[in-house]
Amino acid sequence: QLRSYKETLIRFYQEKDMVPEAHKQRSLAFLETVPDTPTCLHGDLQIGNIIRSGNRDLWIDVGQFSYGVPEWDLGFTWRITGITNEERSQELFHLSPDQLSHHWQVFSAAYFEAKGKDLEDKVRTLYPYAATRLPFMIFLAYHKPINEHIARQFVAPLFDGENNW
């Protein structure tokens, strides 16, 4: 009864006019290459959505709970840990940018069982997942489209590591 995150994103790009056409086409082409695995996804995986209660860990904010490849959660988690604005970081996650960054460093090294260049290479594979997902998350949070400037500056470089559009 869970929804496919891949299908959610395909519908978003096909039905909503929230991104520049070039980004829409890149995202839809990328989505064609992504398998649709039965792995559970939190949907908003970040340290602020885990609460410790005694010896229990509780996950909260599961409105985007779905299934698909883990890269959807991992790419989003990686991207949000790059928020460097203190006010925005506190507003959204109740954590400082340093805390978010530290969380990602510890989490990603353990998750990928890698460090240094090997870890960087593994994280780089998350870029297109983050680029495809980010406009949808902005839509959910702000109900605003991403303009050409934002797409070129923050989203497009994640597809190929360059600022080519």
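The values are calculated or read from the model by the stated rules, or taken from the named source; none is laboratory data. From a predicted model like this one, the values you see are computed outputs, not experimental measurements. Because the Cβ atoms are built from the backbone with ideal geometry, glycine has one as well, and the counts that use them run over all protein chains shown. All accessible areas refer to the heavy atoms of the entire protein, side chains included, with ligands and DNA or RNA removed. Shrake-Rupley method; radii C 1.70, N 1.55, O 1.52, S 1.80 Å.
For the chain, with all protein chains present and a 1.4 Å probe, just round the carbon and sulfur fraction of the accessible area to a whole percent. Working shown, then result.
Details: 4900 of 9460 Å².
Exposed carbon and sulfur together represent 52 percent of the surface.
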Quick one: how many lysine pairs does the chain have with C-alpha atoms less than 24 Å apart and a gap of 8 or more or different chains? Give me the count, please. 7
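Taking a probe of 1.4 Å, how large is the accessible area per residue of region 1-63, in Å²?
60
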Report the semi-axes of the equivalent ellipsoid for region 39-112 in whole Å, largest first, where each axis is √(5λ) for an eigenvalue λ of the Cα gyration tensor. 19, 15, 13
Which value in nm describes the separation of the simple spin-label points at VAL62 and GLN90, placed 7 Å from the Cα toward the beta carbon? 3.1
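Rounding to the nearest 20 debye, state how big the charge dipole of the chain is about its Cα centre with +1 on each Lys and Arg Cβ and -1 on each Asp and Glu Cβ.
Roughly 160 debye for the chain.
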Starting from the Cα-Cα distance between GLN1 and ARG52, subtract it from 0.36 nm times their residue separation and give me the gain in nm to one decimal. 15.5 nm
Cα-based equivalent ellipsoid of the chain: semi-axis lengths in Å, sorted from largest, via gyration tensor: 24, 19, 17
How much accessible area per residue does region 103-147 have, in Å², with a 1.4 Å probe? 58
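Give the calculated FRET efficiency between GLN99 and GLN153 to the nearest 0.05, with a Förster radius of 25 Å applied to their Cβ-Cβ distance.
It comes out at approximately 0.50.
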Rounded to whole Å and sorted largest first, list the principal axis extents of the Cα atoms in region 1-45. 30, 20, 19
Starting from the exponent 0.38 and prefactor 2.2 Å, build the expected Rg for region 1-83 from its residue count and divide its actual Cα Rg by it. 1.24
